[in-house]
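Below: one structure, written as structure tokens.
Read-outs: derived from the displayed coordinates by stated rules, not from any lab. It should be emphasised that the depicted structure is a prediction, and the values quoted were computed from it without experimental measurement. Because the Cβ atoms are built from the backbone with ideal geometry, glycine has one as well, and the counts that use them run over all protein chains shown.
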Amino acid sequence: MSGTVEAPPLSAKDKNSFAYLTIKDRLPVILSKIADSVYRLKGKIKETYGEEGTEDLKSVAGCISKLRNEVQTNKPVVPIQDGRSDVPVWNDHLKEIITTTGSPPKWFESPWLYVECYMYRRVQEAAELCKTLKDFDVFREQKEKSFFDSQQAILVLMEHLHNVETEGESGKQVDLKSLFEKFLRVSLWGNKCDLSISGGQDVAQRSSPLDQLHQFEPKILIDNTKDVFKCLQGIKVTKGHPACVDIILDNAGFELVTDLCFAEFLISFGLASKVCFHEKAFPWFVSDVTPYDFDWTINQLCASNSIYMSKLACKWKQYLEDKTWQVAVDDFWTLSFPFNEMESRCPDLYARLAKSDFIFLKGDLNYRKLVGDLAWPFTTQFTTSLRGFQPAPLCALRACKSDTVTGLRGGQADEVKAKDDKWMINGNWAVISFSDKLT
Ligand SMILES: O=P(O)(O)OC[C@H]1O[C@](O)(CO)[C@@H](O)[C@@H]1O
Ligand SMILES: [Mn+2]
């Protein structure tokens with residue numbers, strides 16, 4: 001199935017596309033913000049690293065402004081030049097593309113997925129080339145701000161989770177299915193809060209995430225919640241223990257807290273026995289979770305004045321210690337490949353995921369990679385658009401922020417377009433798309 005060419009890749013070639021807008025406007029803004037934040041940190045870096053730090057900062061700023069110029073003038077992509085372990089993969093892939101197409105990719109002409117991922121890798125190259133700032137996260141300030149600005153929503157959510165658990169423990173009958181539905185939706189809508197779509201504008205969650213659920217309900221275009229729930233319960237029956245679940249994380253800040261709460265719910269209500277969170281190896285698409293962000297978030301929650309937050313977060317630390325929860329990082333998540341190439345390009349990760357009982361994939365970029373970032377007819381079956389990627393039963397939880405989607409009913413796209421012209425890209429519409437093992 002993976003051999004058939006089903007649809008063309010999204011690309012800035014199409015001037016009416018979101019890809020075009022992204023490369024023309026959004027990416028340059030993101031790069032300018034990086035330069036701003038680098039300058040803001042000048043004093044601090046000088047204090048910590050001295051002259052060497054100042055030199056490194058200048059070099060980062062120089063690389064970023066060069067990159068911005070390359071994007072805006074549609075320059076050909078060049079090899080990565082730092083010492084990270086993924087350099088051969090990036091550079092061999094570039095050679096592969098040149099062999100197939102005859103020339104290196106260009107920003108406004110090549111597949112959007114490739115050039116956008118490449119941009120974030122080049123941002124990392126700027127840090128990698130430094131002596132003192134190798135671990136510098138140019139997006140950290142923004143991520144931490146979005147976490148702090150979402151405090152009220154985090155408190156409401158964690159207090160609710162705490163109360164639900166207390167009720168469960170007291171022996172009171174709980175409606176497991178509707179609770180599952182609720183925490184799944186909170187995690188789904190958590191994906192509205194990414195910093196990349198807004199070019200780093202404020203995306204904190206300020207309202208109660210629970211009160212909003214009802215209002216958001218009609219915005220779920222595909223809702224496979226029942227199948228997901230049934231599948232998780234079925235695993236418990238066939239395996240004799242609750243599922244081992246993998247969550248491919250997306251953004252830090254409020255979204256990460258919603259994912260942690262969802263995982264906590266799965267464990268404490270016996271729908272999962274283990275959860276493995278997959279993180280990005282380096283700063284990615286502005287707000288994605290790195291290992292540092294993950295630990296930082298749990299430490300912040302643990303140190304909170306709220307008893308609900310600190311109690312739950314300290315329990316999570318315990319989960320991490322006793323391996324009920326695990327974290328994993330793989331370079332594959334910060335490469336540009338669609339997921340149907342995982343098995344051949346990164347067999348170890350594929351084999352690892354094939355041992356999972358259930359995989360949740362968060363967010364827009366993971367969705368784009370799932371469906372190959374192709375301009376599919378909207379009514380294409382979701383499973384078809386996976387093009388053979390099915391290490392385990394999986395579910396995509398994604399607020400729509402790019403112009404690709406599959407699995408819609410006939411006529412549904414027109415209906416929603418009539419209500420909201422920007423439905424594919426504004427993050428106000430979402431999908432809960434499930435696919436079981438291919439038969
Ligand atoms: O954090 P998410 O949900 O993957 O979204 C990332 C953003 O990056 C893009 O994939 C490309 O800019 C958008 O479509 C989306 O706004
Ligand atoms: Mn993201």
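Note on LYS177 and SER344: the extension gain reaches 56.4 nm, defined as 0.36 nm multiplied by sequence separation minus the Cα-Cα distance.
Of all beta bridges that DSSP places with both ends in region 139-435, some 25 percent have antiparallel geometry. Just ARG368, ARG84, ARG68 to compare: in a GNM of the chain, with alpha carbon springs under 10 Å, which one fluctuates most? Ranking ARG368, ARG84, ARG68 by mean-square fluctuation puts ARG84 first.
With the gyration tensor restricted to C-alpha atoms of region 144-186, the semi-axes of the equivalent ellipsoid amount to 25, 12, 5 Å, longest first. Across region 82-124, the residues whose backbone nitrogen lies under 12 Å from the label position 7 Å along the beta-carbon direction of VAL329 are 85. Using only alpha carbons, the chain has a radius of gyration to Kirkwood radius ratio (Rg to Rh) of 0.95.
Neighbour counting of Cβ atoms within 10 Å sorts the residues LEU179, LEU232, LEU157, fewest neighbours leading, into LEU179, LEU232, LEU157.
A straight chain from LYS44 to THR101 at 0.36 nm per residue would run longer than the Cα-Cα distance by 15.9 nm. For the residues GLU341, GLU264, GLU47, a GNM of the chain with alpha-carbon springs under 10 Å puts the largest fluctuation on GLU47. Remark: region 318-414 carries a charge dipole of roughly 200 debye about the Cα centre, counting +1 on each Lys and Arg Cβ and -1 on each Asp and Glu Cβ. Exceedance of the 30 Å cut-off in Cα-Cα distance is limited, within the set LYS46/LYS280; LYS131/LYS192; LYS226/LYS419; LYS172/LYS315; LYS192/LYS226, to LYS131/LYS192. This ranking places ASP175, ASP373 by how few other beta-carbon atoms lie within 10 Å of each, fewest first, which gives ASP175, ASP373. Net charge dipole, the chain: roughly 420 debye, given to the nearest 20, about the Cα centre with Cβ charges of +1 for Lys and Arg and -1 for Asp and Glu. Over the residues of the chain, the helix contribution to mean residue ellipticity at 222 nm works out to -15500 deg cm²/dmol, using -39500 (n - 2.57) for each DSSP H run of at least 4. With Cα atoms defining each centre, region 80-94 and region 255-288 are spaced 29 Å apart in the structure. Considering only Cα atoms, the convex hull volume of region 18-129 works out to 91 Å³ per residue. Annotation: Cα Rg of region 377-439 relative to the compact-globule expectation 2.2 N^0.38 Å equals 1.17. Please tell me which of these pairs span more than 18 angstrom C-alpha to C-alpha: LYS58/LYS134; LYS33/LYS66; LYS106/LYS362; LYS274/LYS355; LYS44/LYS134? From LYS58/LYS134; LYS33/LYS66; LYS106/LYS362; LYS274/LYS355; LYS44/LYS134, over 18 Å: LYS106/LYS362. Here the simple spin-label model places points 7 Å from the Cα toward Cβ, and for LEU210 and SER170 these points are separated by 1.4 nm.
Relative contact order, whole percent, for region 139-435 stands at 21, derived from Cα pairs under 8 Å and 6 or more residues apart. Test of understanding: in a Gaussian network model of the chain with alpha carbons linked when under 10 Å, which of ASN305, ASN69, ASN366 would top the mean-square fluctuation ranking? Of ASN305, ASN69, ASN366, the most mobile in the Gaussian network model is ASN305. Converting phi to 3J(HN,Hα) with the Karplus coefficients 6.51, -1.76 and 1.60 and the offset θ = phi - 60°, region 209-225 yields x, 7, 5, 6, 4, 5, 5, 7, 3, x, 8, 8, 6, 10, 10, 9, 3 Hz in sequence order, with x at every glycine or proline. Each of PRO105, LEU394, HIS278 was placed along the dipole of the chain (beta-carbon charges, centred on the mean Cα), and the one lying farthest toward the positive end is PRO105.
Put in order of Cβ neighbour count within 10 Å, fewest first, the listed residues TYR118, TYR39, TYR367 become TYR39, TYR118, TYR367.
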